[in-house]
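In what follows, a single structure is set out as structure tokens and then discussed.
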Amino acid sequence: MIKTGKELAETVKKIATSYKTLYVMGCFGAPLKEEYKERYCKNNSYNKQPERTAMIKAASSDTFGFDCVCLIKGVLWGWRGDVNDKYGGATYESNGVPDRDCNVIFDKCSGKTTGFSKIEVGEAVWRQGHIGVYIGDGLAVECTPAWKNCVQITAVANIGNKSGYNSRRWTKHGKLPYVTYETASASSSANKATYTIGRTNAPVNVREKAGITAKVVTKLAARVQVKLTGKTVNESGITWVEVLYNGKLCWCDKQWINS
């Protein structure tokens, strides 16, 4: 289950770079096997256009169909690239995410603004009738019949054009209500001061993700101040706590935290 904007961004980026996809209106990740193609050739007037019907029928069985908002909904509904599931592993209207069009989904976003200087990874980027996901570095993932006719990475023209990418200018961006964002987590934890405590002379590893094999972000000496977000994860027999240190969210073995 996708819980953070960062996870959402990572997943749609992986779809854009690692899967065969095709723009299919009203499709939230179905593999385009022969037994499913007829459904999508008839489910929408857009798909009934001869050229679109031909594209659907010509697609290989390991190609997944999406449209712009169905990409976001499909991922939040649990899509996992399962070619043996009629929806790629997604469960319709699960995880508290309703089946709404892109304009309604965006209307539910918080912090909507036309300024793009402080856009955060995982936010929705929107223009009338179209939506995508910001993935960082001035780039977004969108599913569109334009250009490559699939899920693709494009430059956010509001931030600047980028060599090698098609560019789209969006109207607004905002935070989806179905995932959490780092700035919100940092704000909610602002008054939860704690201290790391070293029970040996060795410094404490603080990691990018919960897990003993995750990348070490930094090493902290005893009594260095960090802040807790309240999130915990059990991994590899260890309870990990999410902490905020130097403005970055990361993870630490709970035994080294003295609250």
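A few notes on this one:
- Cα-based shape type of region 1-103, given that a ≥ b ≥ c are square roots of the gyration tensor eigenvalues and the cut on a/c is 1.5: prolate
- For region 1-96, a simple Cβ point-charge model (Lys and Arg +1, Asp and Glu -1, everything else neutral) yields a dipole of about 120 debye relative to the Cα centre.
- Here the spin labels are modelled as points 7 Å beyond Cα on the Cα-Cβ line, and at Asp82 and Thr232 they lie 3.1 nm apart.
- Largest GNM mean-square fluctuation across Ala124, Ala140, Ala222, computed for the chain with C-alpha springs under 10 Å, falls on Ala222.
- For region 80-126, taking the reciprocal of the average inverse distance between every pair of different Cα atoms yields a Kirkwood hydrodynamic radius of 13.2 Å.
- Ranking by accessible area, most exposed first, for Ile257, Ile212 with a 1.4 Å probe: Ile212, Ile257
- Nearest-20 debye value, the chain charge dipole, Cβ charges on Lys, Arg, Asp, Glu: 540 debye
- Normalised by the number of residues in the chain, the average gap of Cα pairs under 8 Å and 6 or more apart makes the relative contact order 16 percent.
- When the GluC sites (Glu not before Pro) in region 49-151 are filtered for DSSP coil states and for at most 13 other beta-carbon atoms within 10 Å of their beta-carbon, the remaining sites are Glu93.
- Applying 1/(1 + (r/R0)^6) with r as the Cβ-Cβ distance of Gln225 and Met1 and R0 = 41 angstrom yields a FRET efficiency of 0.80.
- Sequence of Ser236, Ser94 when ordered by accessible area, the most exposed leading, probe 1.4 angstrom: Ser236, Ser94
- Extent of the chain along its three principal axes (Cα atoms, max minus min coordinate, largest first): 70, 40, 34 Å.
- Area accessible to solvent at Arg80, 1.4 Å probe radius, in Å²: 140 Å²
The values are calculated or read from the model by the stated rules, or taken from the named source; none is laboratory data. Note that the structure is predicted; figures quoted are calculated from it, not measured. Cβ atoms come from the backbone with ideal geometry, glycine included; neighbour counts cover every protein chain shown. Accessible surface areas use protein heavy atoms only, side chains included; no ligands, DNA or RNA. Shrake-Rupley method; radii C 1.70, N 1.55, O 1.52, S 1.80 Å.
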